[in-house]
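Comments concern the structure below.
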Amino acid sequence: MRKVQLHNSWLSRLQDQFELEYMQKLRDFLVTRKNHQTVIYPPGAQIFNALNTTPFDQVRVVILGQDPYHGPGQAHGLCFSVQPGVRIPPSLANIYRELKTDLGIPPPQHGCLQTWAEQGVLLLNAVLTVERGQAGSHQGKGWEIFTDAIVRLLNDETEGVVFMLWGSYAMKKGAVIDNRKHLVLRAPHPSPLSAHRGFLGCRHFSTANDYLQRRHQMSIDWSVPENS
């Protein structure tokens, strides 16, 4: 992680984080787990996919997740997204369901949200790695400090960003966001356990676009091309 490959717009702002003790401990932890032949997701080159795909000065929307999917071939560094050819997870299926209700967008046959990220939607998990079959296995190892720093940077150095906070975990992480500078949208998590408590029907996607248009910015094309 001393030679981390990160888009310069982020690296220039986060460089100090990589020198702090917590990040050194996190690096040592990851190296130790790999030395024990542990399978870690996403693959190393995709750990920072969200930051590399969505440069700092292009962020228009932030969706906060918790930690990566822990099944084979799923995680690729974007929260809620899975690689093409992988079964669509239940939470993402509910996101697609809300998109259809809100904007009339038919659900695609895959779960890759790369095109959202390329338009300025930062799909950021709080924890950026996980072990195969072990949900939450890298929580509390330091990633949360790093991603908190990302949220603070966006709050402090930008204006007019839409933050979508789904579920109590994301709401807590986003508590620092100044809603006088940004649009903060809150709803229950899209998981099947909670989506019916208010995520379905929240209309966050149209609300975000209306806000961006009022600020004379391009809206997000929330459709997901079948060839993504």
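The values are calculated or read from the model by the stated rules, or taken from the named source; none is laboratory data. Because the structure is predicted, anything quoted here is derived from the model rather than measured. Positions of Cβ are backbone-derived with ideal geometry, glycine not excepted, and every protein chain shown enters the neighbour counts. Accessible surface is based on the protein model in full, side chains and every heavy atom, while ligands, DNA and RNA are left aside. Shrake-Rupley method; radii C 1.70, N 1.55, O 1.52, S 1.80 Å.
Under a 1.4 Å probe, what is the accessible area of segment 79-228 per residue, stated in Å²?
In whole numbers, segment 79-228 has 46 Å² accessible per residue.
Cα axis of helix 143-157 to longest principal axis of the chain: angle in degrees, 0 to 90, nearest 10?
Once rounded, one gets 50 degrees.
Counting only protein heavy atoms and a 1.4 Å probe, tell me what percentage of the chain's accessible area is made up of carbon and sulfur. If you can, show how the numbers build up before the last one.
Numbers: 5190 of 10830 Å².
Exposed carbon and sulfur together represent 48 percent of the surface.
Based only on Cα atoms, what mean projected area does the convex hull of the chain have, in nm²?
The Cα convex hull of the chain, projected and averaged over all directions, gives 11.9 nm².
Leaving out ligands, DNA and RNA but keeping every protein chain, what accessible area does Ile145 have, in Å² rounded to the nearest 10, with a 1.4 Å probe?
Counting only protein heavy atoms, Ile145 exposes about 80 Å² to solvent.
When the helices in the chain are scored as -39500 (n - 2.57) per DSSP H run of 4 or longer and the sum is shared across all residues, what 222 nm value do you end up with, to the nearest 500 deg cm²/dmol?
Details: 8 runs with 78 residues, N = 228.
Taken over the chain, the calculation gives -10000 deg cm²/dmol.
Using a simple charge model, +1 on the beta-carbon of Lys and Arg, -1 on the beta-carbon of Asp and Glu, nothing else, what dipole does the chain show about its Cα centre, in debye to the nearest 20?
Computed charge dipole of the chain: roughly 380 debye.
Which order do Lys34, Lys172, Lys141, Lys181 take by accessible area at a 1.4 Å probe, largest first? It would help to have the intermediate numbers written out before the result.
Working: Lys34 110, Lys172 165, Lys141 85, Lys181 50 Å².
Sorted descending by solvent-accessible area, the residues read Lys172, Lys34, Lys141, Lys181.
Protein chains only, probe 1.4 Å: how do His36, His204 rank by accessible area, largest first?
His36, His204
Let me see the P(r) profile for segment 141-228: every Cα-Cα distance counted, bins of 5 Å, each bin given as a percent of all pairs.
All Cα pairs considered, the percentages come to 3, 13, 19, 20, 20, 17, 7, 1, 0.
Want the number for Ile88 to Ser191: 0.36 nm per residue separation, take away the alpha-carbon distance, what's left? Provide the component values of the computation, followed by the final result.
On the way: separation 103, 0.36 × 103 = 37.08 nm, distance 1.25 nm.
Between Ile88 and Ser191, full extension yields 35.8 nm more.
Against the 2.2 N^0.38 Å scaling, with N counting residues, where does segment 49-128 land? I'd like the Cα-based Rg ratio to two decimal places. Could you put the intermediate results ahead of the total?
Details: Rg = 12.2 Å, N = 80, 2.2 N^0.38 = 11.6 Å.
Relative to the 2.2 N^0.38 Å estimate, segment 49-128 comes out at 1.05.
At what distance in nm do the modelled label points of Gln134 and Glu118 sit from each other, each positioned 7 Å from its Cα along Cα→Cβ?
It is 3.5 nm.
Using a Förster distance of 41 Å, how high is the FRET efficiency between Thr101 and Asp16, based on the Cβ-Cβ distance and rounded to 0.05?
On the way: r = 43 Å, r/R0 = 1.05.
Efficiency, rounded to the nearest 0.05: 0.40.
With labels modelled as points extended 7 Å from the Cα through the Cβ direction, what inter-label distance (nm, one decimal) is found for Asp28 paired with Thr207?
If labels sit at Asp28 and Thr207, their model points lie 4.4 nm apart.
For the chain, calculate the relative contact order in percent as a whole number, restricting contacts to Cα pairs under 8 Å that are 6 or more residues apart. Don't skip to the answer; put the middle values down first.
Numbers: 386 pairs, mean separation 52.7, N = 228.
Once divided by the residue count of the chain, the mean separation gives 23 percent.
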